Amino acid sequence: MEKHWWHKATVYQIYPKSFKDSNGDGIGDLQGIISQLDYLQKLGITAIWLSPVYQSPMDDNGYDISDYEVIADIFGNMADMEELLDQANQRHIKIVMDLVVNHTSDEHTWFVEARENPTSPERDFYIWRDQLNDLDSIFGGSAWQYDQKSGQYYLHFFSKKQPDLNWENAQLRQKVYDMMNFWIAKGIGGFRMDVIDMIGKIPDQGISTNGPKLHDYLKEMNQATFGKHDLMTVGETWGASPEIAKQYSNPDHHELSMVFQFEHIGLQHKPDVPKWDYAKELDVPALKAIFNKWQTQLELGQGWNSLFWNNHDLPRVLSIWGDTGVNRVKSAQALAILLHLMRGTPYIYQGEEIGMTNYPFADLEQIDDIESLNFAHEALEKGQDMAAIMDSIRMIGRDNARTPMQWDSTKQAGFSSADKTWLPVNPNYQSINVQAALADPDSIFYTYQKLVQLRKDNDWLIDADFELLETADKVFAYKRVRGSESHLVVVNFSNQEQNFAWSDSFEDILISNTDVAVALNKQKLQAWDAFCLKLTD
Ligand code: NOJ
């Protein structure tokens, strides 16, 4: 089995609007990112997944692209982008670009032309119908928008400013591949592919994801672009099962390196209900079962996992599954240890490494996210109570992940010199910030730093088998076994003491957030205890 650099990599996601503002306009930018590359090098990460920085009217914060080969003014320009690539490469950090090709902005010249001129070739780059059907947009309402000029409807699975591209059109596909090659030629490290499972849609049959031609398109894309280079590709696939994930990531299929699956994230809300109806408590046994399934079914050579708790669309994990009170640091360390020692490529979302938390949003005035706002307006129309709506947004809304990165305890957490930032800084920045984390050898930051290094140094993390252990409900323990070599990972996924009996002897503690000897003696785990032991052969 050929091993690639990304098998040993830890990826760090940057949401550019919120990472670091260099020019005082209250919005993060590329020069801001460049100024913090030394920090990321200290953390040790191998690659940055950069959420979109392309020209965009920012209806969905850059996931609505009006020119794929131009940098948005708020972030800088192409010279800044090239400088970022150069500076990152000098530090052995690769830049993975966000590829958003399920849709463009309605301000992209293709769509402008398609709308203005129904006989233009660009018309068929999008999906037009005389009649609408009952497909819904993920951001609420119908997925179809009427176009006055031509008397037809166009499809938009996200906002109406994000018309869906028609992947049936070969000319469009070629234009996408040309654009990808433009970026590859600049020396990027790969692509994160936005809602890639939707490009094979058949709207007339109500098929939005996993359409019949999806994998043909990906094989074609692979051949036409990144397949010739040692790049990392990760597809966002909300509905993937392990079987589907293998279709994408089996190396023999020549599609993608890996996908993001979201089955564990599905536990954040009640089954079969919209995400806003969040689950008040995590079902830990269900979480164990899900990870067990993914870890055992995506064996090396047959597929590859991605590992994540957070991204720019999700609540901060400490606020939903960890502890934001006295055990904030310990629970953050436990969650990191649990995830990073599994098989797959781990992703850290900016601020996760210092234990950032959800924001105490008080009213809709403070909300920027189009999805949250659409949800609130629809819910209000249905007569729902404002307090309940805000409760959902506070727990689940995407802006929680998007508040500015907390660098230090000065004004605006050192994120910006502006009096007002595009989203407010979390009031807890006085204590939760990078400067404080770096000054404390027991901080969450150093747990992440150690985990990143462990991944670089230990091949067993790539190829050892995963064995879930039978334990108390709220203890998550597994072994990674390779021949006669075994490692044991034990995590108390709760704020309460738990029993944990074991008889294995060990020769080394690879990482821990507790006194392992005490836990061993008492056969008890304190709240959020977590450690990894190398067992004696
Ligand atoms: C998934 C992205 O992660 C999300 O932020 C975005 O709103 C949608 N795709 C649409 O591009």
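Work out the length of the dipole vector of the chain about its Cα centre, built from +1 on the beta-carbon of each Lys and Arg and -1 on the beta-carbon of each Asp and Glu, and round it to the nearest 20 debye.
Values: 47 positive and 78 negative charges, 229 e Å.
Dipole about the Cα centre, nearest 20: 1100 debye.
For segment 149-301, what is the charge dipole size about the Cα centre, in debye to the nearest 20, if Lys and Arg each add +1 at the Cβ and Asp and Glu each add -1 at the Cβ?
Numbers: 17 positive and 19 negative charges, 99 e Å.
The calculated dipole for segment 149-301 is roughly 480 debye.
Report the local net charge at LEU339: Lys and Arg +1, Asp and Glu -1, summed over other residues whose C-beta lies under 12 Å from its C-beta.
Once positives and negatives cancel, what remains is +1.
What FRET efficiency, computed as 1/(1 + (r/R0)^6) with R0 = 45 Å and r the Cβ-Cβ distance, is obtained for GLN205 and ALA185, rounded to the nearest 0.05?
In this case the efficiency is close to 0.75.
Amide H to amide H under 5 Å from SER486: which residues, 5+ apart in sequence or cross-chain, H placed 1.01 Å off N in plane?
Long-range HN contacts for SER486: LEU535.
Radius of gyration and Dmax for segment 1-60's Cα atoms, expressed in Å?
Computed over the Cα atoms of segment 1-60, radius of gyration and Dmax are 14.1, 49 Å.
Over 29 Å between C-alpha atoms is what I'm after, so list which of LYS293/LYS382; LYS270/LYS474; LYS20/LYS219; LYS8/LYS219; LYS175/LYS293 land there.
From the list (LYS293/LYS382; LYS270/LYS474; LYS20/LYS219; LYS8/LYS219; LYS175/LYS293), the Cα-Cα distance tops 29 Å for LYS293/LYS382; LYS20/LYS219; LYS175/LYS293.
Would you mind counting up the charge near LEU535? Only other residues with Cβ under 15 Å from its Cβ, with Lys and Arg at +1 and Asp and Glu at -1. Before the final figure, lay out the partial values.
Details: positive: LYS479, ARG480, ARG482, LYS534; negative: ASP465, GLU467, GLU485, ASP504, GLU507, ASP508, ASP537.
Taking every Cβ under 15 Å from that of LEU535, the sum is -3.
Add -39500 (n - 2.57) for each DSSP H run of 4 or more in the chain, then divide by its residues: what number comes out at 222 nm, to the nearest 500 deg cm²/dmol?
-8500 deg cm²/dmol
Please report the spacing between the Cα centers of segment 274-346 and segment 453-475 in Å, no decimals.
Answer, in whole Å: 14.
For segment 164-242, how big is the tail of P(r) above 17 Å, as a whole percent of Cα pairs?
Of all Cα-Cα pairs in segment 164-242, 46 percent lie more than 17 Å apart.
Which three numbers, in whole Å and largest first, are the semi-axes of the equivalent ellipsoid of the chain derived from its Cα gyration tensor as √(5λ)?
Over the Cα atoms of the chain, the semi-axes work out to 37, 26, 24 Å.
Quick one: net charge around ILE202, please, counting Lys, Arg +1 and Asp, Glu -1 for every other residue with C-beta under 15 Å from its C-beta.
Around ILE202, the surrounding residues sum to -3.
Under a 1.4 angstrom probe, counting protein chains only, how are HIS4, HIS108 ranked by accessible area, largest first? Working shown, then result.
Details: HIS4 50, HIS108 10 Å².
From most accessible down to least: HIS4, HIS108.
How many nm separate the modelled label positions at SER241 and ASP463, each set 7 Å beyond the Cα in the direction of the Cβ?
Reported label-point gap for SER241 and ASP463 is 3.0 nm.
Which FRET efficiency, nearest 0.05, do LYS534 and ASP272 yield, Cβ-Cβ r, R0 35 Å?
Here the calculated transfer efficiency is 0.25.
How much of the DSSP beta bridge set in the chain is antiparallel, as a percent to the nearest 5?
60 percent
Along Cα→Cβ, 7 Å out, is where each label goes; now give me the distance between the ones at ASP283 and ASN250 in nm to one decimal.
It works out to 3.0 nm between the two label points.
Taking the Cα centre of segment 36-148 as the origin and placing charges on Cβ (Lys, Arg +1; Asp, Glu -1), which of VAL100, SER66, GLN36 is farthest toward the positive end of the dipole?
Comparing the listed Cα positions along the dipole, GLN36 ranks first.
Restricting attention to the alpha-carbon atoms of segment 437-522, what are Rg (one decimal) and Dmax (integer), both in Å?
14.2, 40
Distance between Cα centroids, segment 348-390 to segment 1-56: provide it in whole Å.
25 Å
According to a simple spin-label model (label point 7 Å from Cα along Cα-to-Cβ), what is the distance in nm between GLN453 and LYS3?
The two pseudo-label positions are separated by 1.9 nm.
If you project the alpha carbons of segment 192-308 onto the principal axes, what extent comes out on each, in Å, largest first?
Computed over the Cα atoms, the extents are 46, 38, 20 Å.
For ASP147, what accessible area in Å² do you get when you roll a 1.4 Å probe over the heavy atoms of the protein chains, rounding to the nearest 10?
10 Å²
If the cut-off is a Cα-Cα distance under 13 Å, which aspartates and glutamates reach LYS534, setting aside same-chain residues fewer than 8 apart in sequence?
Correct list for LYS534: GLU485, ASP504, GLU507, ASP508.
So if a site counts as exposed when it's one of the GluC sites (Glu not before Pro), its DSSP state isn't H, G, I, E or B, and it has at most 11 other Cβ atoms within 10 Å, what's the longest stretch of the chain without one?
3-280
The values are calculated or read from the model by the stated rules, or taken from the named source; none is laboratory data. This structure is a prediction, so every number in the text was calculated from the model and none was measured. Neighbour counts run over all protein chains shown; Cβ positions are idealised from the backbone, glycine included. Surface accessibility is based on the protein's heavy atoms, side chains included, excluding ligands, DNA and RNA. Shrake-Rupley method; radii C 1.70, N 1.55, O 1.52, S 1.80 Å.
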